[in-house]
Amino acid sequence: MFNIHRFLTLTLIMAALSLSGKAQHAHLNADNGKSISTGALVHHNVEEIKGLKMGPFVKLDNGNILTVEGTDCLISSDNGNSWENYPVFDDAENYLISNERAILKTSNGVIILAFMNLQERANWNWQEDISDSPGARLPTYTVRSLDGGKTWQDVQKLHNEWTGAVRDMIETENGNIVFTSMMMRHHPGHHTVLTYKSGNEGKTWERSNIIDLGGIGHHSGVTEATLEELKFGKLWLLMRTNWGTFWEAFSMDDGITWENIRPTDIEASSAPGLLKRLESGKLILVWNRRFPEGTDQYPSRGGDRQWSEVAASNHREELSISFSENDGNTWSEPIVIAKVGENQKADPTYKWVSYPYVFERNPGELWVTTMQGGLRVKFNEKDFTH
């Protein structure tokens, strides 16, 4: 016999359990989101920053913000509305800073930039019969400034091999600078990840072991890594793969030796994420999930031994965020903050929203920009955490 009192009691218990668990949210759509000038749809707690540069950015001691573009350093005193240009190189005709780059202001005020020099890009000629591009060259460089970006010095080439990306840079508790890079390997062609460490604020560098997990294809292997420091001096590296999740590695010597290389349980598209420690102590991860929100499939790419030896999701139409309060052991429920609008999907410039940078402009005020899709937005950490 149906017992209304038992039914109501069970209903209340289930509601309480639901509220005590992860917060539920509706999938981002035209009804609960809003459109921005690029045509993308963003979460209702996200605001567009029109006209902002791509970044990445650093905050100077006087509150100004700094980024780079082309061969120049750019400094803004009005939150990115206008910029002053300063040349990075004396012989600018020999350099062109890549869109994928990493920049940092050390605790002593030194600005360090790591990048690929597009002026030296050479010999990319992918040959399908051997699944390789022998002799491909795209070097990794660093340069630094001792006066807040107005002048630059110590330009260094760290390796000459093809660098797929430079994505992230941190200063450790020990005062060392560590940034992520890549190095193409051959016979067959595939990508690997490595880091560089400096104990003197970018004056000299030491190379890590190379993380080489094999692969066949011009988008194969491990690529486009991001990193952060965890408790007790451990560094955590997250790497893009074609295997459905980020892979991770750990270092106890500030990025010289990477070990315990393994898959994570963070499902991810074949696209890079960005990991950042916030002023609150939380970690934020910004990335493209393996599948669109609410689904478990997406058309695969690769598996042809040209793009890669395995087929992979290349989903880049939604950008998600998640937070961790325990150094990445657990994460908040992912939330899509931006997705490609219906009218964008046929436009090569805006068909994706991926390759993110994260900048904490003020404590709790986060700017997210992307290389692909031209996303330029900001939001408050408190609006997405509890």
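No value in this document is a laboratory result; all are computed from the given coordinates. Fair warning: this is a prediction, and the values are worked out from it, not measured in the lab. Because the Cβ atoms are built from the backbone with ideal geometry, glycine has one as well, and the counts that use them run over all protein chains shown.
List of remarks:
- Build a GNM of the chain with springs between Cα atoms under 10 Å apart, and of Met371, Met182, Met239 the one that fluctuates most is Met371.
- The 3J(HN,Hα) values that the Karplus relation (6.51, -1.76, 1.60; θ = phi - 60°) gives for region 364-371 are, in residue order, x, 9, 10, 9, 10, 10, 10, 6 Hz. Gly and Pro appear as x.
- Normalised alpha carbon radius of gyration of region 277-334 [divisor 2.2 N^0.38 Å]: 1.44
- GNM remark for the chain: springs join alpha carbons under 10 Å apart, and the peak mean-square fluctuation among Val110, Val368, Val68 falls on Val110.
- Taking region 56-267 and dividing mean pair separation by its residue count, relative contact order in percent (alpha carbons under 8 Å, at least six apart): 12
- On Cα atoms only, tilt of 4-20 relative to the major axis of the chain in degrees: 10
- Under the Karplus curve 6.51 cos²θ - 1.76 cosθ + 1.60, θ = phi - 60°, whole-Hz ³J(HN,Hα) for region 216-224, x wherever Gly or Pro sits: 9, x, 6, 10, 9, x, 9, 8, 6
- Computed per residue of the chain from DSSP H runs no shorter than four, each worth -39500 (n - 2.57), the mean residue ellipticity at 222 nm is -1500 deg cm²/dmol.
- FRET efficiency estimate (nearest 0.05) - Cβ-Cβ, Asn160 to Asn81, R0 41 angstrom: 0.55
- Label point distance in nm, Trp124-Asp61, each placed 7 Å from Cα along Cα→Cβ: 4.0
- Residue of Trp124, Trp247, Trp162 that the Gaussian network model of the chain assigns the largest fluctuation, springs spanning Cα pairs under 10 Å: Trp124
- Cut-off under 5 Å, modelled amide H: who pairs with Phe57 long-range: none
- For the chain, the Cβ-based charge dipole about the Cα centre amounts to some 580 debye (Lys, Arg positive; Asp, Glu negative; other atoms uncharged).
- Nearest-0.05 FRET efficiency for Lys234 and Asp90, computed from C-beta distance (R0 45 Å): 0.70
- Approximate shape of region 56-267 as ellipsoid semi-axes (Cα gyration tensor, √5λ), whole Å, largest first: 29, 22, 14
- Given Lys53/Lys276; Lys157/Lys203; Lys339/Lys378; Lys157/Lys276, the pairs whose alpha carbons are separated by over 18 Å: Lys53/Lys276; Lys157/Lys276
- From phi via Karplus (6.51, -1.76, 1.60), per-residue ³J(HN,Hα) for region 264-280 in Hz, x at Gly/Pro: 9, 9, 8, 5, 8, 5, 7, 7, x, x, 9, 10, 8, 7, 8, 4, 6
- Each Cα pair under 8 Å and six or more residues apart adds its sequence gap; the mean of these over the residue count of region 221-350 is a relative contact order of 18 percent.
- Based on the Stokes-Einstein relation at 10 °C and a viscosity of 1.306 mPa s, and on the Kirkwood radius from alpha carbon pairs, the chain is assigned a translational diffusion coefficient of 73 µm²/s.
- Taking label points 7 Å from Cα along the Cα-to-Cβ direction, Asn329 and Lys50 give a separation of 4.7 nm.
- Under 5 Å from the amide H of Arg290 lie the amide H atoms of Ala268, Ser269, each residue being 5 or more positions distant or on a separate chain, with H modelled from the backbone and absent for Pro and chain starts.
- FRET efficiency, 1/(1 + (r/R0)^6) with R0 30 Å, evaluated for Asp383 and Asn29 via beta carbons: 0.95
- DSSP bridge orientation in region 114-265 - percent antiparallel, rounded to nearest 5: 95
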